[in-house]
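Encoded as structure tokens, the structure appears first; notes follow it.
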Amino acid sequence: MLHPRIPFIIGFCLAPMVAHAGSLTLKSPTLKPGATLTKEQEFNGFGCGGKNQSPALKWTAGPKGTQSYAITLYDPDAPTGSGWWHWVVYNIPAQVTELAAGAGDATGKLLPANAIQGRTDFGTHEFGGACPPVGDKPHRYIFTVHALKIEKIDVPAESSAALIGFMIHGNSLGKASFTAKYRR
């Protein structure tokens, strides 16, 4: 049996880390937290006819020791049993704190030098917009910036979003998210 003060001590020891990680924020001039995505951010395929354009994103500098960033977009409501990875960008240099609207296109021209777009659950290396089944409840799309303690995630080009996510979480110094919704 644990000593009754152990949970307090653990919580007290972790409090500075949580507060430090909490200084990282993520915003979008294109979307407001809790907003509904538009046709701009809807996928073009799988029965959807949107423009498949990633929104502009801006974040504050990460905690001390941040050497790179990663951006993820995840739909936990996709009817797969494991959610759906819509976008994974990693190896974003530490001095970069924003991505322009459309940076997630297949060419990657608007991404910072050395940034890599991982393979999404659409099977592509680009932003994959929202495309929930018709009539489903609104799906949640969670945009997250991750501050990493490493300069580079070194994985094969065809790595799954789950493997890249494993590397992100294993090297995280902090993260910030906002959620938007979409339904058809």
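A quick yes/no check of all residues on (1) under 20 Å from residue 77 (Cβ atoms); (2) of a type in the set (Val, Ile, Thr); (3) out of contact with any strand residue (DSSP E or B) (no Cβ under 6 Å at 6 or more places or on another chain):
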position	(1), (2), (3)
107	no, yes, yes
120	yes, yes, no
124	no, yes, yes
132	yes, no, no
136	yes, no, yes
141	yes, no, no
146	no, no, no
157	no, no, yes
163	no, no, yes
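Name the pairs whose Cβ atoms lie under 6 Å apart, with the first residue in the range 106-117 and among the aliphatic types (A, V, I, L, M), the second assigned to a loop (DSSP other than H, G, I, E, B) and open to solvent by 30 Å² or more (accessible area, probe 1.4 Å), and 6 or more positions between them or separate chains?
106/126; 110/100
Within the range 132-156, how many residues are within 23 Å of residue 44 (Cβ to Cβ) and more than 17 Å from the chain's Cα centre (by Cα)? Steps first, please.
Going residue by residue through the range 132-156, those that are within 23 Å of residue 44 (Cβ to Cβ) are 132-143.
Filter again for more than 17 Å from the chain's Cα centre (by Cα), leaving 132-138.
Result for the range 132-156: 7.
Can you tell me which condition residue 63 does not meet? The list is (1) open to solvent by 20 Å² or more (accessible area, probe 1.4 Å); (2) over 19 Å from residue 160 (Cβ atoms); (3) outside any strand (DSSP E or B), and all the others hold.
For residue 63, the failing item is (1).
Looking only at the range 67-84, count every residue that is crowded, with 17+ Cβ neighbours inside 10 Å and either touching a residue at least 12 places away in the same chain (Cβ under 8 Å) or more than 14 Å from residue 132 (Cα to Cα) (or both) and tell me the total. Write out each step before concluding.
Pass one, the range 67-84, residues crowded, with 17+ Cβ neighbours inside 10 Å: 68-75, 77-78, 83-84.
Remaining after also requiring either touching a residue at least 12 places away in the same chain (Cβ under 8 Å) or more than 14 Å from residue 132 (Cα to Cα) (or both): 68-75, 77-78, 84.
Total satisfying the criteria: 11.
Would you say residue 67 is modelled with pLDDT of 95 or more and closer than 20 Å to residue 109 by Cβ? So that I can check it myself, show each step before the final result.
Values: modelled with pLDDT of 95 or more: yes; closer than 20 Å to residue 109 by Cβ: no.
No, not satisfied.
Counting only residues that are open to solvent by 70 Å² or more (accessible area, probe 1.4 Å), part of a strand (DSSP E or B) and among the aromatic types (Phe, Trp, Tyr), how many does the range 130-184 have?
Qualifying residue count for the region: 0.
The values are calculated or read from the model by the stated rules, or taken from the named source; none is laboratory data. None of the values given here were measured: they were computed from a predicted structure. All Cβ positions, glycine included, derive from the backbone under ideal geometry; neighbour counts span all protein chains shown. To get the accessible areas, we keep the full protein, side chains included, count just its heavy atoms, and leave off ligands, DNA and RNA. Shrake-Rupley method; radii C 1.70, N 1.55, O 1.52, S 1.80 Å.
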